Amino acid sequence: MTTWTLCIDTSTDVCAGLARDSEVVASAHVGDNHSHVELLMPTIMGLLADAGIGLSRVDRLGVGVGPGPFTGLRVGMATAFTLEVAGNKPVKGVCSLDVMAAQWRATAPAPDEFVIASDARRKELYWARYDQTGRRGEPQVTLPTALPDLPIAGPGVAVFAELLTPRMPAGAPTSIDAGFMAAHLSQLPDAGREPMYLREPDAKPPSARKSALAGSHRRLGPAVRRTP
């Protein structure tokens, strides 16, 4: 029986991919990191239409859980979990950096140890180190100058091209291939269902409610002078 797998990732741009069993059927990488809401579902529906199937034919879903900026990352994850509920399809969360690490090892000679990095904005990068066994270190967010002195790949390289491009070998991946992700979803490590934000969101509710009268005195009417 054929198994259709749909994968999406919005930790950087909008990425969507479709696989039939372990064969890549389609992969799309569109837009920029400010247009996830507008582009994600039309991209998904376009891939399915080109393959001649509907959402009901999808057997399982994969979603990148980051690390990534709060707004973009939650668009992809919310979409995946909505499709899970609507179609009763299982969703597997995958570290977005792991996808690119696996791409590198599968499609080009990769160094024994290397770094995968993506844009964290604020002049920083999300990154993780991979050792010779393929094991990933804890994802981090730092200035680019704090990265280990190792070969590097991923979309973060282009953000600091002058500094990092000399350390990027030929054939190293520059972006997530969601088609590869869909075809290899079973082999990719399960990262759970919690987003890897690595930062607190910029907008937070106030920690304590303050009285509008605090530190002031309200006079409700004219002062009354009492006489004996």
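The modelled label-to-label distance for the pair A78/M41, using points 7 Å beyond Cα in the direction of Cβ, is 1.1 nm.
Protein heavy-atom accessible surface, 1.4 Å probe, per residue over the chain: 55 Å².
Between L143 and D190, the FRET efficiency estimated from the beta carbon spacing at R0 = 35 angstrom works out to 0.70. Other residues lying with their Cβ under 11 Å from the Cβ of R105 contribute a combined charge of -2, Lys and Arg counting +1, Asp and Glu -1. Taking every DSSP beta bridge that has both ends in the chain, the antiparallel portion is near 70%.
Charge tally for G76 (other residues, Cβ to Cβ under 11 Å; Lys, Arg +1; Asp, Glu -1): -1.
In the frame of its principal axes, region 28-159 has Cα extents of 46, 32, 24 Å, reported largest first.
Summarised in one figure, the compactness ratio Rg/Rh of the chain, Cα atoms and Kirkwood Rh, is 1.22.
When all protein chains stay in place and ligands, DNA and RNA are ignored, the 1.4 Å accessible-area order of K123, K89, largest first, is K123, K89.
For the chain, the relative contact order comes to 23 percent (Cα pairs under 8 Å, sequence separation of at least 6). Scanning the chain for long hydrophobic helices, with DSSP H runs required to stretch 24 angstrom or more by C-alpha along their axis and to average at least -1.0 on the Kyte-Doolittle scale, returns 70-87.
The values are calculated or read from the model by the stated rules, or taken from the named source; none is laboratory data. From a predicted model like this one, the values you see are computed outputs, not experimental measurements. Cβ: placed from backbone, ideal geometry, glycine included. Neighbour counts: every protein chain shown. Note: accessible area is taken over every heavy atom of the protein model, side chains too, but ligands, DNA and RNA are not part of it. Shrake-Rupley method; radii C 1.70, N 1.55, O 1.52, S 1.80 Å.
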